[in-house]
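The values are calculated or read from the model by the stated rules, or taken from the named source; none is laboratory data. Note that the structure is predicted; figures quoted are calculated from it, not measured. All Cβ positions, glycine included, derive from the backbone under ideal geometry; neighbour counts span all protein chains shown.
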Amino acid sequence: MRELLHSAASRAARYLEDINDRRVRPSAESIRALNNFVEPFPDGPTDPDEVLAILDDFGSPATVAMAGPRFFGFVIGGALPAALAANYLASAWDQNAGLFAATPIGAVLEEVSLAWLTQVLALPAGTGAAFVTGGTMANFTALAAARHSVLKNVGWDADRDGLFGAPPVQVVVGGEVHPSLKKSLGMLGLGRERVTTVPVDEQGRMIADQLPPLNGQAIVCMQAGNVNTGAFDPAREIIARAHAAGAWVHVDGAFGLWAAATRSCAHLAEGLADADSWATDAHKWLNVPYDSGIAFVRDPEILRAAMSISAAYLTAGSHREPMHYTPELSRRARGVEIWAALKSLGRTGLAEMIERDCRCARRFADGLAAAGFEILNDVVLNQVLVSFGTADTTTRVIEAIQAEGTAWCGPTYWQGRTAMRISVCSWRTTEADVDRSINAILRVTGRVD
């Protein structure tokens, strides 16, 4: 076992040592080599050393270098060294994080991480949380608490009696709501399309004075960080209007919520702390390994009421029992690498990482604009939208830069325009990486008719 784990660590280290200089998208040859995995189920055992060698020899070359400094797609961060190492150790521990009695370390690190996160994200003291897989489940979990609360307010117990015959719940979203939130609404029985959609402005921000009439059976879903532009919905106005009517306010802040951890971007997050729930991804701007989302709910008892579980063999103690706050009972100890990332960075390190990424996004925008290309959004955070002319030309530039391999930028269609979307979210990205990527983009545009 020791030799096998040493071999795995050595192979992983070699992979990361080379990642700054390797292609971001794997070559066609590497993708074809994945056919080495396609075989009938073996009749007998395979030596673990050989299993690992096959995985590294044919798997590593076929990965997209998301852990590197020049992957700018899907708002994906890398994995900080301390977080990655903690993930290795947590995997060796193999803890089921549902119950304090089953894993005291897992439960305690969730408690500590929750306290630190509420401080650094400027959320109310005493906020409850669920450590889940990602943004979709964070939205799902927070909205389950919202559903429980607004229906309880009118005398209906949705968790006990379901939604058959329940009073209607009004759900309000912005015109550029993220698909993961709509998926969450569908899974909760609230309907992906049974929503009231509020118009947005030229940056994708919800227009507060166009909110519909609300009441205590309403859930208003706002954004902190539009996935295309990085823009924030006007929190103070929306939350004030919603709370005056008794409505619940949820914030989808998968990456934007982390702006609160900085000095230069904190103004974007002003007013968000007055909401009732929030969702974010730690595998985005905290740069921990996949998968790691967090749902926050102002009143932890509401979250507990929506998520609690009881069984004779699940004996609760005096500590916070994670199983009562998440959809899953059995799950990995995500709090371990979240704690490690926060501990290794500290408040100043976290702020510097986020602010550096924002500076790099502005450098992208300035460099591409200086080259004569159109930047479609106000670059307020880490998102850049760029057009290279017609939709067809822009699409071909995106395909060309992905094939060239220096950087990976993805396509989007936003407010009637086809654009390249650049998302800067990694602890590894530097100004030199931005300049290298811009030069590659300019090279490929010169070859696109």
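Quick notes on this one:
- Note on region 90-176: enclosed helices (runs of 4 or more DSSP H) holding 2 or more residues that are out of contact with any helix residue (DSSP H, G or I) (no Cβ under 7 Å at 6 or more places or on another chain) and surrounded by 15 or more Cβ atoms within 10 Å (Cβ to Cβ) are 104-120, 135-152.
- Test: residue in region 274-293 that is surrounded by fewer than 22 Cβ atoms within 10 Å (Cβ to Cβ), at positive phi, not in a helix (DSSP H, G or I) and not polar (S, T, N, Q): no
- For residue 320: the one exception among (1) outside any helix (DSSP H, G or I); (2) touching a Leu at 6+ places or on another chain (Cβ under 9 Å); (3) at pLDDT 95 or above: (3)
- Single unsatisfied condition, residue 437 versus (1) crowded, with 17+ Cβ neighbours inside 10 Å; (2) modelled with pLDDT under 95: (2)
- Of the set (1) in a helix (DSSP H, G or I); (2) among the hydrophobic types (A, V, I, L, M, F, W, C); (3) out of contact with any Asp or Glu (no Cβ under 9 Å at 6 or more places or on another chain), all apply to residue 214 but (1).
- Scanning region 356-376 for residues that are in contact with a helix residue (DSSP H, G or I) (Cβ under 8 Å, 6 or more places away or on another chain) and part of a strand (DSSP E or B) gives a single hit, 375.
- Near pairs, Cβ below 6 angstrom, 6+ apart or cross-chain, from region 277-293 (under 18 Å from residue 181 (Cβ atoms) and touching a residue at least 60 places away in the same chain (Cβ under 8 Å)) to any residue that is among the charged types (D, E, K, R) and buried (at least 24 other Cβ atoms within 10 Å of the Cβ): 279/252; 293/281
- Conditions (1) at pLDDT 95 or above; (2) among the charged types (D, E, K, R); (3) more than 19 Å from the chain's Cα centre (by Cα); number of the one not met by residue 356: (3)
- Residue 251 satisfies every condition listed in (1) in a helix (DSSP H, G or I); (2) under 18 Å from residue 143 (Cβ atoms); (3) in contact with a strand residue (DSSP E or B) (Cβ under 8 Å, 6 or more places away or on another chain) except (1).
- Residues in region 217-243 that are buried (at least 20 other Cβ atoms within 10 Å of the Cβ), assigned to a helix (DSSP H, G or I) and more than 21 Å from the chain's Cα centre (by Cα): 238, 239, 242.
- Restricted to region 395-418, and to residues there that are assigned to a strand (DSSP E or B), without any contact (Cβ under 8 Å) to a residue 60 or more places away in the chain and not hydroxyl-bearing (Ser, Thr, Tyr), the residue that is surrounded by the fewest Cβ atoms within 10 Å (Cβ to Cβ) is 417.
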